[in-house]
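Presented below is the structure to which this report refers.
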Amino acid sequence: MCPAKSAAPTKVVAPAKPAAAPAKPAAAPAKPAAAPAAAPAAAPAAASGPLKVVKWFSDAEMKGKVEEFVKKFEAGTLKGEVDGTLFFLAIFDAAMRSKASDDDDKKELNEIMTDDIEEYQSLAYFTETRGLKEKLVQILTPEVRKIGLWEGKYDAAPADVEGIPIKNAVYMQWTPATQLQMMKGNPNMDQAFFSGDLTVKGPMKLATKPREWIYAFMQFIGKSAD
């Protein structure tokens, strides 16, 4: 007899690979890296803070600025990005001399500025040249004529400047090229305004007032537009 067939060896079925562990639920989208704790808003630069005057020029500091300006004018070395402060200090220096002058032609600068002050009672001009840190403020009232430096941001016309009531204020910002144009005796900035090289906040009528001052200043120093 044939030996009984031994039962076919049972195939050892390899245990089924454990069903792949259910895919980990798609990792919950990684919590957005905790938004870096909102860094505290950087403190605004000084130039963005409240508007304030940081310096008034004394009469002594203005003295001699006419000659200093004329020297540069004649040498052709004026620079819009450098000499704006010198220019306006020279105008104030000339205005003080104009007031004390006996020369009818030289009196004109003071007379024009005085007429504007009488008409508006108080005028304030806040100006800056793009790219420069130094900003100028000019205050004119029947009692006070001052020029100084300011910092901060001009948002709206101030009701007063260091206790001096201001009824009419204008802010102007221009390019160095526009500043140079003025210093060369041409204060007509219409083209600069329409091209974007000049920004004005305030009544245009007041923004154009200093043109006459500049023309009178050029006459005072005996120079014509370069």
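Quick notes on this one:
- Rounded percent of accessible protein surface that carbon and sulfur make up, region 48-203, 1.4 Å probe: 49 percent
- Region 103-190, accessible area per residue, ligands and nucleic acids excluded (1.4 Å, Å²): 45 Å²
- Restraint check, Lys65/Lys107; Lys52/Lys133; Lys71/Lys184; Lys107/Lys223; Lys107/Lys135, Cα-Cα greater than 21 Å: Lys107/Lys135
- Segment Asn188..Glu68, full-extension length gain: 40.8 nm, with 0.36 nm per residue of separation and the alpha-carbon distance subtracted.
- Net length gained if the chain between Ala75 and Lys133 were fully extended (0.36 nm per residue, minus Cα distance): 18.3 nm
- The accessible area of Thr175, taken with all protein chains in place and a 1.4 Å probe, comes to roughly 20 Å².
- Accessible heavy-atom area order of Glu67, Glu151, highest first, probe of 1.4 Å: Glu67, Glu151
- Ranked by how many other beta carbons lie within 10 Å on average, peptides 177-184, 129-136, 159-166 from highest: 177-184, 129-136, 159-166
- Label point distance in nm, Glu212-Ala225, each placed 7 Å from Cα along Cα→Cβ: 1.8 nm
- Computed extension gain for Ala60 through Ala159, at 0.36 nm per residue and net of the alpha carbon distance, reaches 32.8 nm.
- Placing Ser101, Ser195, Ser58 in order of accessible area, with the largest value first and a 1.4 Å probe, yields Ser195, Ser58, Ser101.
The values are calculated or read from the model by the stated rules, or taken from the named source; none is laboratory data. Small disclaimer: the values here were computed from a predicted structure and weren't measured. Glycine gets a Cβ as well: all are built from the backbone with ideal geometry, and neighbour counts include every protein chain shown. These area figures cover heavy atoms from the full protein model, side chains too; ligands, DNA and RNA do not enter into them. Shrake-Rupley method; radii C 1.70, N 1.55, O 1.52, S 1.80 Å.
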